[in-house]
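For reference, the structure is listed below as structure tokens.
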Amino acid sequence: MKLCAAATLLIITLVVSACATQWSRPDTTEQQTARDLEACENRAKDEFPISMSATLPSYQSQNSIGCAAGGDCRAKPGSTLGEANKDLNRKPRAEAVIACMETKGYSL
């Protein structure tokens with residue numbers, strides 16, 4: 001279980017860092033880097049399009065009654081808990097962008 005949690009954390013870190021990371025390659029301008037990154041992102045989107053799917057657990061919590069200051073006691077509607085939708089291709093798309101940029105000679 002701990003190994004699975006560690007692997008999940010690593011994957012999340014890679015996905016998040018791919019969005020906020022500065023790619024570098026010797027003798028390359030920021031404009032060229034931006035063009036290469038855009039090309040890699042477009043290629044990854046073609047290979048791994050957004051694929052939304054309902055995931056579990058996603059459920060409605062029970063209604064509750066709470067009293068605010070001043071005695072205002074009203075029923076409050078329940079809320080959705082959990083992740084209602086998930087892009088099943090998010091991880092492979094992020095990995096494809098990283099692989100593409102590395103193929104072009106970039107490093108993180």
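Report the local net charge at residue 49: Lys and Arg +1, Asp and Glu -1, summed over other residues whose C-beta lies under 14 Å from its C-beta. Display every interim value, and only then the final one.
Working: positive: 43, 45, 90, 91, 93; negative: 41, 46, 47, 87.
Every neighbour counted, the sum reads +1.
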Amide H contacts of residue 48 (H built 1.01 Å from N, under 5 Å, at least 5 apart or other chain): none
For the pair residue 87 and residue 104, the simple spin-label estimate (label points 7 Å beyond Cα toward Cβ) gives in nm 1.8 nm
Considering the zone a paramagnetic label at residue 25 would reach in this model (a point 7 Å from Cα along the Cα-to-Cβ line), which residues of segment 89-104 have amide N under 19 Å from it? 94-104
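Taken together, the values in this text are just the output of simple stated rules run on the coordinates, not laboratory data. The model shown is predicted, which means the values in this text are computed figures rather than measured ones. Neighbour counts run over all protein chains shown; Cβ positions are idealised from the backbone, glycine included.
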